[in-house]
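Please find one structure pasted underneath; my questions will follow.
The values are calculated or read from the model by the stated rules, or taken from the named source; none is laboratory data. Since we're looking at a predicted model, the values are computed, not measured. Cβ coordinates were reconstructed from backbone atoms using ideal geometry, including for glycine residues, and neighbour counts include every protein chain displayed. Keep in mind that these areas ignore ligands, DNA and RNA; they rest on the heavy atoms of the full protein, side chains included. Shrake-Rupley method; radii C 1.70, N 1.55, O 1.52, S 1.80 Å.
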Amino acid sequence: MVDESSESVDTEKRATLRRFAALGAAGPLSRLVDTSSSSDAHDAIVGYLSTTPGAHFSKIRDDLSLGTGETQHHLRRLVDSHAIESFRDGEYRRYVEADRFSEYEKVALGYLRRETARGMLIVLLRDPDATASDIAHTLDVSRPTVSKYAKELESAALLSRKNGYTVERPETMLTLLVQYADSFGEDAIALAVDADSLIQYDPPDSS
């Protein structure tokens, strides 16, 4: 007797792999698609990382419904071929396309993959005058939680606490959030929609 639920899960997994494999074939990492492989897993990881830079091992494995050994195997092959690179971020090991992101951007991606840290940065990009209380209220977290993450973000050179809270290199942060908004979630997607209004341009005085 065929287990229909298992068959459904397997069909969904194949569809997910094929979707990301297609992204890999069409995206900037297309040169890395392994046409000699009979598995979609390698190609799916390529496609996934082109749209979700900074993802950690467990997220890659779970989002693509791969096995632990299978994920390890393909990530190792991609790292060994210098197609992607990994970096340590606290307890996580994160993955990005090789030679695409600066060290600062990789640190930023690591924090943008954390829900509370990302939320704080988005609030401050929208309202540079937001206080700790404003942030706590908007994100529905405690003031101590805001203080904890603010300290971490300052240590990572992503935030200044000299006069309130100020996002360091806001253009870089906004660019990452907008470019990969779909992978960050609804808060980043909403920010991307409003991005034009958040960018200030002061033309030089021609007089």
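Give the number of residues within the range 165-184 that are loosely packed, with under 15 Cβ neighbours inside 10 Å and more than 14 Å from the chain's Cα centre (by Cα).
Total satisfying the criteria: 3.
Just checking, which of ARG94, ARG88 is basic (Lys, Arg) and touching a His at 6+ places or on another chain (Cβ under 7 Å)? Show your work before the answer.
On the way: ARG88 fails: touching a His at 6+ places or on another chain (Cβ under 7 Å).
After ruling out the rest, the residue left standing is ARG94.
Among the listed residues THR145, THR166, THR138, identify the single one that is farther than 18 Å from LYS59 by Cα, in contact (Cβ under 8 Å) with a residue 40 or more places away in the chain and not assigned by the TED database to the domain that holds PRO53.
THR166
In the range 135-161, how many are over 19 Å from TYR104 (Cβ atoms) and open to solvent by 70 Å² or more (accessible area, probe 1.4 Å)? Even if it seems obvious, please write down each step before you answer.
Narrowing the range 135-161 to residues over 19 Å from TYR104 (Cβ atoms): 135-148.
Within this subset, residues satisfying the condition of being open to solvent by 70 Å² or more (accessible area, probe 1.4 Å) are 137-138, 140, 143-144, 148.
So the answer is 6.
Shifting gears a bit: Return the only residue of ALA150, ALA188, ALA157 being among the small types (Gly, Ala, Ser) and either in contact with a helix residue (DSSP H, G or I) (Cβ under 6 Å, 6 or more places away or on another chain) or in contact (Cβ under 8 Å) with a residue 60 or more places away in the chain (or both).
It is ALA188.
In the set ASP202, ASP134, ASP196, which member is at pLDDT 95 or above and not in a strand (DSSP E or B)?
Result of the check over ASP202, ASP134, ASP196: ASP134.
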